[in-house]
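Here's the structure we're looking at; comments come further down.
The values are calculated or read from the model by the stated rules, or taken from the named source; none is laboratory data. Remember, predicted model here, so these are calculated numbers, not experimental data. In this analysis, Cβ positions are derived from the backbone assuming ideal geometry, glycine residues included, and neighbour counts consider all displayed protein chains.
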Amino acid sequence: MRYDRMHAGLSGARAVDGRPRLLEEVRARLRLKHYSLRTEEAYLYWIRRYIRDNGRRHPATLDGKVVEAFLTRLAVRDRVSPSTQNQALSALLFLYREVLALKLPWMEDVVRARRPPRLPVVLARDEVDRLLDQLSGRDWLMAGLLYGSGLRLMECLRLRVKDVDFARNELTIRDGKGAKDRRTVLPARLREALRRQVDSVRLLHAGDLEHGFGEVALPHALARKYPNAGRSFAWQYVFPAARRSTDPRDGRIKRHHLDENVLQRAVKRAARLAGLDKPVTPHTLRHSFATHMLENGADIRTIQELLGHKDVTTTQIYTHVLNRGTSGVLSPLDR
């Protein structure tokens, strides 16, 4: 998602007393705590909606019953998913604790929605082949990394040139889910395609530098610690956006990574052309990676490390997938 589109209309004017508006305070606190731009956008949306739904009253004047009523309306009237409802609650918790600095005991009693356990959608090996056959070029390479390396969609898009190790056939995932780093395998089948992609990024970056640009966003305070690192080739995204855009954090023109919608649309179209009846998304390829690794006899702890799961119980869901159907159970009719 482009920087300028994400933050259109969020700047606003200052209040009459000279203090920044509440949403500006929220945004400043989110950036101080190094939250991602995606989280910033989501939290600002829910806080804005919470204030609007309660007659634009200041949140400090509202109590736990108002919060519970708001979350209930989301579930009952709007029928949002439990994960969406929990995201709204997290945004309100951040508002009250981090921005308003209010210690309100009732916030501890607000119950989070429980997401029912669901088995992931997994493709058979021939279905993966049919899906990938409908993709080409950059889209094929990104989908291949999701399946061949077990990457999440945003981990693939945020991959930097310096994090690709062709000598060791490794990818380093920086600041993944849970702010953790990890290493995963680089499939030999993707080596040359990925090398060509990196070469194309080199040419694109050289053109940006020639026109006075070439800077990329750096995580946290690295831009201040290493002022020239943002213009180096090593920090460029492996899958850059087609156009440069304005970074809302400092107002500078930079080249962001590719929009996630590009691959989402490509995978959806490929699944339709491949005749797959399952609800296929880019994340389905990550689920398929884990399941097929288990089928190949890989240790579950190894798969846990490759996927970046904090707890092995999260990885164990794929053992349930293996036990479904004729591959795991013999019907009594067939005895």
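Okay, residues lined up against (1) surrounded by 11 or more Cβ atoms within 10 Å (Cβ to Cβ); (2) modelled with pLDDT of 95 or more:
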residue: 197; (1), (2): yes, yes
residue: 214; (1), (2): yes, no
residue: 218; (1), (2): yes, no
residue: 224; (1), (2): no, no
residue: 233; (1), (2): yes, yes
residue: 236; (1), (2): yes, yes
Residue within the stretch 196-213 that is part of a loop (DSSP other than H, G, I, E, B) and under 19 Å from residue 164 (Cβ atoms) present: no
Some residue of the stretch 139-149 being touching a strand residue (DSSP E or B) at 6+ places or on another chain (Cβ under 9 Å), within 25 Å of residue 36 (Cα to Cα) and surrounded by 15 or more Cβ atoms within 10 Å (Cβ to Cβ): yes
Residues of the stretch 188-201 satisfying the condition of being of a type in the set (Lys, Arg) and either touching a Lys or Arg at 6+ places or on another chain (Cβ under 6 Å) or free of Cβ contacts under 8 Å to residues at least 40 places away in the same chain (or both): 191, 195, 196
Residues located in the stretch 164-182, provided they are under 27 Å from residue 39 (Cβ atoms) and either without any contact (Cβ under 8 Å) to a residue 24 or more places away in the chain or among the small types (Gly, Ala, Ser) (or both): 172, 176, 178, 179, 181
Meets criteria (at negative phi and surrounded by fewer than 18 Cβ atoms within 10 Å (Cβ to Cβ)) for residue 290: no
Residue within the stretch 161-173 that is surrounded by 15 or more Cβ atoms within 10 Å (Cβ to Cβ) and among the small types (Gly, Ala, Ser) present: no
Every pair of residues 6+ apart whose Cβ atoms lie under 6 Å, when the first sits in the stretch 89-103 and is not assigned by TED's automatic domain parsing to the domain that holds residue 63 and part of a loop (DSSP other than H, G, I, E, B) while the second is crowded, with 20+ Cβ neighbours inside 10 Å and of a type outside the set (D, E, K, R): none
Qualifying residue in the stretch 262-283 (condition: touching a residue at least 24 places away in the same chain (Cβ under 8 Å), out of contact with any Phe, Trp or Tyr (no Cβ under 6 Å at 6 or more places or on another chain) and closer than 30 Å to residue 229 by Cα): yes
Counted residues, the stretch 224-240 - those being without any contact (Cβ under 8 Å) to a residue 12 or more places away in the chain and of a type outside the set (Phe, Trp, Tyr): 6
Residues located in the stretch 75-91, provided they are within 15 Å of residue 44 (Cα to Cα) and either of a type in the set (Val, Ile, Thr) or at pLDDT below 85 (or both): 84
